[in-house]
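We did not get these values from a lab; they are worked out from the coordinates using the rules stated. Because the structure is predicted, anything quoted here is derived from the model rather than measured. Counting neighbours? That spans all protein chains shown, and the Cβs are built from the backbone with ideal geometry, glycine included.
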Amino acid sequence: MITDKHKIIYATDLIGYENQANLLHEILEVTLGIDVPVSNDTRAKPTEYEILIGHTNRPLSQRAYEGEGAKRLMSHEIIIEGNSIQLACGGPYSARFAVLTLGKALAEGSLDSYVNKRVELTTEHIPHTEGTDARIMSINVLGQCYIKSHHNGKHPVSSERAEILAKLLVDYTPDLAGVQEMDVKFHAPLDAYFEVLKQHYGLEYAIALTQHGKKTNDCPIIYRADEYELDYENFAPANYHIPEKYNTMYPCGVASTKFTDKRDPTVQVAMISNHWHWEKEDVALDPPRQQIDADDLAATTKFLEETYPGVRVFSTGDFNSHRFQEKYFNRYLEAVDGAAADQIAIANGVHTPALVHMGYLIDHIVGKKGTFDVLLHAPTKNRSDVLTDHKPIYADIKFI
């Protein structure tokens, strides 16, 4: 079926397919002992012997992605037409599964069991709680740690996780989502995925970046552009005490935004997304590093409340909130609300944390309207946990 006449052609419509093409090249060398050249669809001339990865400019790809085939997030399918093979997939993450599936079929000596059978990698949909007004999410994508490696441990590279994030937006349909640790390579494919969500899922998402339009912010905010109008955005440079090992890898800071609900202009919603960096032992320092970070974040919260009276403020982030001496050691909560974090946690039924990572409690969503009435530590059940080692969490909110 596959000979030395074939070429592996990967699509250039999304970043990341080249990794999968090279992976397939290695598999073919091992399974068939042939050296199949790799090229992209803008450089190589079409031939009748091609293995296509993704939505290339070849006719077979165009036919494979028509109609329902266009909605391919987190799914893949092997299609054979003449001497050509199409690995139809939703993006680099599902493309890797298509490549591995083809490799398995070749090792077994037959493609029959795998051709024209679409495989869904996830089918989860989480409906919003009845009677609530908005879903707020916190999503840590752990982008900067896995830029260079094709597959580092259990975490896919950034270009692959961008597809998982797109499917996460379909599954959870959040109104507002604070994102943390998004590197430059994670930003790059998002516009293409937002277009897929709009055209094929009816979800219009946009991303608040910086006032300068540079797609480098570590903690952006994704929002439903069909439901909310962005009125204000600010991206403060990092004055956090970032460990040296992170300092040159990505820009970090606090993103703060304010939205007006298009469905009800009287509803004003503000969002803060942030990420704290310090080690476990730093919590006990005097003054602790967390105190400086907490003061900065509390000042941002206060600014939004004073500038936009009546605004509902939410803060999402990887707070690295350590449980110290049986208390929730998060000075941001105390600085903003004047109450100990462990008391707030008890009041919200999350005193016993369900999510522990490296000794920290992470990924909070906090909401403020006089007092914090939302504080989540526990992850929701989801099938997108390969997005990062931090599972995304959400809260369904009733504004009034």
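A few notes on this one:
- Between Ile34 and Ala70, the simple spin-label model (points 7 angstrom out along Cα→Cβ) gives 3.5 nm.
- Placing +1 on the Cβ of every Lys and Arg and -1 on the Cβ of every Asp and Glu, with no other charges, gives region 48-87 a dipole of roughly 160 debye about its Cα centre.
- Available extension along the chain between Asn57 and Arg43 is 3.9 nm, counting 0.36 nm per residue and deducting the alpha carbon span.
- Per-peptide packing, taken as the mean over residues of other Cβ atoms within 10 Å, places 33-45, 16-28, 260-272, 159-171 in the sequence 159-171, 16-28, 260-272, 33-45 from highest down.
- Computed extension length for Glu204-Ala192: 3.1 nm, one decimal, from 0.36 nm per residue of separation with the Cα-Cα distance subtracted.
- Each peptide in 190-199, 217-226 gets a packing score, the mean of other Cβ atoms within 10 Å over its residues, and the list from highest to lowest is 217-226, 190-199.
- Taking 0.36 nm per residue of separation and subtracting the Cα-Cα distance, full extension of the segment from Leu100 to His128 would add 6.6 nm.
- Global geometry of region 1-89, whether rounded, prolate or oblate, following the gyration tensor of its Cα atoms and the 1.5 cut on a/c: prolate
- Between Ala107 and Asn83, the modelled labels are 2.8 nm apart [label points 7 Å from Cα along Cα→Cβ].
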